[in-house]
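S.K.: Can you keep this structure in mind? I'll have questions shortly.
The values are calculated or read from the model by the stated rules, or taken from the named source; none is laboratory data. Everything numeric in this text was worked out from a predicted model, so none of it was measured. A quick note on method: Cβ atoms are made from the backbone with ideal geometry, for glycine too, and the neighbour counts reach across all protein chains shown.
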Amino acid sequence: METGFPLVMLVGPVAAAGAVMILRGRRRVSIIIGLVTVAVLTLLLAFARPGAGLFADNTVSFLGRELVLTPFIWSLFLYIYPALGVLFFVAWARPVGRALVPVGLAVLSPLAAALMVTPAGLGAILLVVAAAIVLPVLHGGKFDAAVPAWRYFLLTAVAVAPILLTTSGALLATFSIGWFAPLVATLLLLGGFPFYVWVAGLGRHTTPIAAALVLGLVQIVVVVFLLTLLDSVPAARATAEFQTAIRWSAALTTLVGAFQMGRAADWRGVVAGAIVLDMGFMLPVTLSPGTDGLGTALPALIGRFLGLLLIALGMVRVADRAGASRFSGWIEFLRPALLWFGVLSLLGLPLTPGFAGRWAQLAAVGQGGGIWPPLLLITAVAVGVAAVLRMVRRPAEARVARDGHAPATTRFEIGLMLFLLGVAGLLGLFPNLLLGLAARMLGVG
Amino acid sequence: MDAPTIFDILNRLAFLRGMPAVTLLLAAAFVAVVAWDMRPAIAAVLVHYLLAGFLFVDVLDPRLAFVYTLAGLFVSAILLITAWQINWGRAPSGLTPEEATRLGLARSRKLGLFSVTSRGLTRLALAVVVGVGALWIARSPGVFQASIPAELAYLEAAIVGLAGLGLVGLATSVDPLPGGIGLLVFLTGFGLFYGFLDQSLAMTVALVAAQFVAALAVAYLAQARYLPADILD
């Protein structure tokens with residue numbers, strides 16, 4: 001058994017998650033352990049650049065299989081670890097249940113292993129393990145969240161079959177419909193039409209922080225895994241059937257999201273629809289091979305994560321008004337601003353972080369696919385914007401889902417809100433920052 | 001007296017090898033997917049794992065096939081305990097229609113001796129269609145001739161039947177336990193096919209691990225979904 005630096009990435013988070021499980025009763029201690037763990041992991045990883053770092057050995061072998069830390073995975077996790085730290089800070093301000101920290105830490109191991117392991121087929125099983133680990137956070141003690149959480153796990157598990165068929169190449173060699181397995185794997189993992197049902201349910205019934213973990217951070221690994229898989233079958237991806245199916249699935253998914261936003265009675269429904277719409281926009285990135293696809297997907301996923309964090313801090317119940325009169329002026333201005341900005345970012349409007357990847361996504365749909373798919377995508381965004389405006393104009397009491405009482409707002413939370421709003425505003429004003437970050441992660445910038 | 005080896009057991013049960021095992025396996029999978037009471041369903045899951053082991057012997061190293069069967073026993077045990085904890089999938093007695101709606105329970109109707117739901121009838125109809133499809137493949141094999149040798153063509157019916165029944169089970173139920181049984185049946189069918197493509201130890205263990213993970217996820221969510229019923233009482 002060869003023990004290089006990746007072993008730290010595999011064992012470290014699980015060990016820390018175990019420690020947090022022992023201290024589950026103490027929420028803030030758990031969060032501190034989580035923050036220290038991701039800080040240490042980030043620091044160690046920064047010194048472990050493959051081939052050039054202090055820890056030169058970037059390979060772990062186990063049962064004859066190798067796990068290799070490539071420069072891209074190294075840079076990807078240099079984003080994922082700090083991003084999880086920010087999520088923990090948000091959880092400090094907005095309690096979301098004791099499972100978040102141990103789950104957030106534990107899921108890092110299978111995610112890292114899924115990208116590092118060869119052959120890729122084993123990575124599919126590790127994605128199933130990751131999906132199982134996040135279930136307690138998705139469920140979050142809510143009855144209504146059990147079904148979408150189950151559907152999320154179910155479709156990830158079912159995706160193992162088309163992924164393994166794709167990696168084996170058997171279907172490609174046997175049938176003329178060799179594009180079918182990669183297509184099904186793509187639609188299952190990215191929640192594309194007709195498999196969007198889990199996305200809508202998660203957006204509706206789980207907390208935005210849980211959504212940020214699963215649809216922001218976990219999904220980034222899923223997308224990278226999928227794009228790497230599709231790069232291994234360029235002939236299947238290049239077929240007209242695959243490309244047409246992806247374009248139309250993207251258009252229909254975004255339309256479903258827009259429809260849900262249009263008929264939503266509260267902000268939860270609007271956010272759920274916006275998430276579906278954003279997931280629909282992720283599908284076209286699978287049409288672009290190599291760094292082109294990743295260069296489009298990464299800014300979009302970072303924008304989605306940031307948008308969901310803004311929503312997590314902005315979507316707080318009406319009860320908050322009575323909680324902290326001292327900051328009430330700030331809060332009444334800040335919370336709606338964060339919520340609206342977060343939702344508009346999910347829609348990918350200009351001047352929001354979500355815009356960075358949108359143009360390339362639209363271009364990918366438009367290239368050679370006729371006028372209708374891109375037109376439907378734009379229509380969906382327009383309907384989504386109209387739904388947001390409709391909700392903004394409604395009385396405050398009617399538009400906020402009241403399902404509990406929020407604790408009083410602290411200075412720390414206001415500071416965090418201002419910080420995230422500032423970062424989001426900066427990335428909205430200068431989308432090239434996100435595109436440049438993605439290019440550097442891919443080693444092309 | 002020496003304990004029988006895996007090969008001794010296989011020799012004693014040689015009469016089950018081949019088409020008899022396929023037939024019984026599909027019958028067990030049919031019951032597992034269609035039964036609305038979890039007691040016969042989980043007994044059928046157990047039988048399906050035992051019989052699938054016989055078929056895996058024709059695909060993998062017999063020791064790996066035995067590991068698959070052993071894992072199936074553990075998965076069945078997990079499902080059994082879970083089903084017992086959720087009162088075998090039955091709705092709590094005395095629920096008002098509003099409470100039943102809130103719990104997402106489908107309205108049932110009398111059909112002779114049985115009380116069935118629309119969803120249950122749909123599942124039954126689709127399972128029968130899959131069964132007919134598997135029968136058709138058993139009579140005219142060769143669908144997977146590029147991957148499956150002609151002498152093992154009887155496995156095609158098992159692969160198609162298990163995968164189809166599994167998909168029916170997981171697509172026609174929103175509850176984690178019956179849906180999870182569908183998922184496990186589907187994974188068994190896929191595992192049989194994938195055994196022809198990759199017989200490495202790592203992938204076999206990984207697919208077994210996937211079944212374990214699925215069983216644990218089903219157990220967790222089934223109980224999470226049943227909990228509010230206790231609160232309602």
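S.K.: Determine, yes or no, whether residue A:181 is within 10 Å of chain B (Cβ to nearest Cβ), of a type in the set (Gly, Ala, Ser) and closer than 23 Å to residue B:166 by Cα.
M.R.: Considered against the rule, which asks whether it is within 10 Å of chain B (Cβ to nearest Cβ), of a type in the set (Gly, Ala, Ser) and closer than 23 Å to residue B:166 by Cα, residue A:181 comes out as no.
To keep it simple, each residue is scored yes or no on (1) assigned by TED's automatic domain parsing to the domain that holds residue A:309; (2) farther than 19 Å from residue A:218 by Cβ; (3) among the small types (Gly, Ala, Ser); (4) assigned to a helix (DSSP H, G or I).
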site: A:51; (1), (2), (3), (4): no, yes, yes, no
site: A:75; (1), (2), (3), (4): no, no, yes, yes
site: A:80; (1), (2), (3), (4): no, no, no, yes
site: A:88; (1), (2), (3), (4): no, no, no, yes
site: A:111; (1), (2), (3), (4): no, no, no, yes
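S.K.: Still on this structure, I have one more. Which of the residues belonging to the stretch A:46-60 are exposed (fewer than 15 other Cβ atoms within 10 Å of the Cβ) and modelled with pLDDT under 80?
M.R.: A:51, A:52, A:54, A:56
S.K.: Could you check, for the stretch A:104-118, whether at least one of its residues is more than 12 Å from chain B (Cβ to nearest Cβ), in contact with a Lys or Arg (Cβ under 9 Å, 6 or more places away or on another chain) and surrounded by fewer than 20 Cβ atoms within 10 Å (Cβ to Cβ)?
M.R.: Scanning the stretch A:104-118 turns up no residue that is more than 12 Å from chain B (Cβ to nearest Cβ), in contact with a Lys or Arg (Cβ under 9 Å, 6 or more places away or on another chain) and surrounded by fewer than 20 Cβ atoms within 10 Å (Cβ to Cβ).
S.K.: For residues that are in a loop (DSSP other than H, G, I, E, B) and more than 14 Å from chain A (Cβ to nearest Cβ), scanning just the stretch B:153-179, find the one that is surrounded by the most Cβ atoms within 10 Å (Cβ to Cβ).
M.R.: Residue satisfying both the conditions and the ranking: B:154.
S.K.: If you check residue A:84 against the conditions, is it at pLDDT 95 or above and surrounded by 15 or more Cβ atoms within 10 Å (Cβ to Cβ)?
M.R.: Against the criterion (at pLDDT 95 or above and surrounded by 15 or more Cβ atoms within 10 Å (Cβ to Cβ)), residue A:84 qualifies.
S.K.: Scanning for something closer than 20 Å to residue B:223 by Cα, assigned to a loop (DSSP other than H, G, I, E, B) and within 18 Å of the chain's Cα centre (by Cα), does the stretch A:128-135 turn up at least one residue?
M.R.: The answer is yes, given that some residue of the stretch A:128-135 is closer than 20 Å to residue B:223 by Cα, assigned to a loop (DSSP other than H, G, I, E, B) and within 18 Å of the chain's Cα centre (by Cα).
S.K.: Looking at (1) under 19 Å from the mean Cα position of the chain (by Cα); (2) outside any helix (DSSP H, G or I); (3) more than 22 Å from residue B:171 (Cβ to Cβ), which is the only condition residue B:36 fails?
M.R.: Answer for residue B:36: the failing condition is (3).
S.K.: Anything in the stretch A:16-36 that is within 24 Å of the chain's Cα centre (by Cα) and among the β-branched types (Val, Ile, Thr)? List them, or say none.
M.R.: The answer is A:20, A:31, A:32, A:33, A:36.
S.K.: Follow-up. Any chance you could count how many residues in the stretch A:131-152 are surrounded by 24 or more Cβ atoms within 10 Å (Cβ to Cβ), within 17 Å of residue A:91 (Cβ to Cβ) and within 8 Å of another protein chain (Cβ to nearest Cβ)?
M.R.: Residues that pass the stated criteria total 1.
S.K.: Assess whether residue B:208 counts as being in contact (Cβ under 8 Å) with a residue 24 or more places away in the chain, under 26 Å from residue A:62 (Cα atoms) and of a type in the set (Val, Ile, Thr).
M.R.: yes
S.K.: Does at least one position in the stretch B:190-201 carry a residue that is facing chain A (nearest Cβ under 9 Å) and within 20 Å of residue B:31 (Cα to Cα)?
M.R.: Checked the stretch B:190-201: at least one residue is facing chain A (nearest Cβ under 9 Å) and within 20 Å of residue B:31 (Cα to Cα).
S.K.: Which is within 27 Å of residue A:121 (Cα to Cα), aromatic (Phe, Trp, Tyr) and within 14 Å of another protein chain (Cβ to nearest Cβ), of A:62, A:77?
M.R.: A:62
S.K.: When only residues in the stretch B:142-164 that are touching a residue at least 60 places away in the same chain (Cβ under 8 Å) and not aromatic (Phe, Trp, Tyr) count, which is nearest to residue A:160 (Cα to Cα)?
M.R.: B:162
S.K.: State all residues of the stretch A:351-369 that are surrounded by fewer than 16 Cβ atoms within 10 Å (Cβ to Cβ) and closer than 13 Å to residue A:246 by Cα; if no residue qualifies, say none.
M.R.: A:367, A:368
S.K.: Return the residues of the stretch B:208-219 that are more than 7 Å from chain A (Cβ to nearest Cβ) and of a type in the set (A, V, I, L, M); say none if nothing qualifies.
M.R.: B:208, B:215, B:218, B:219
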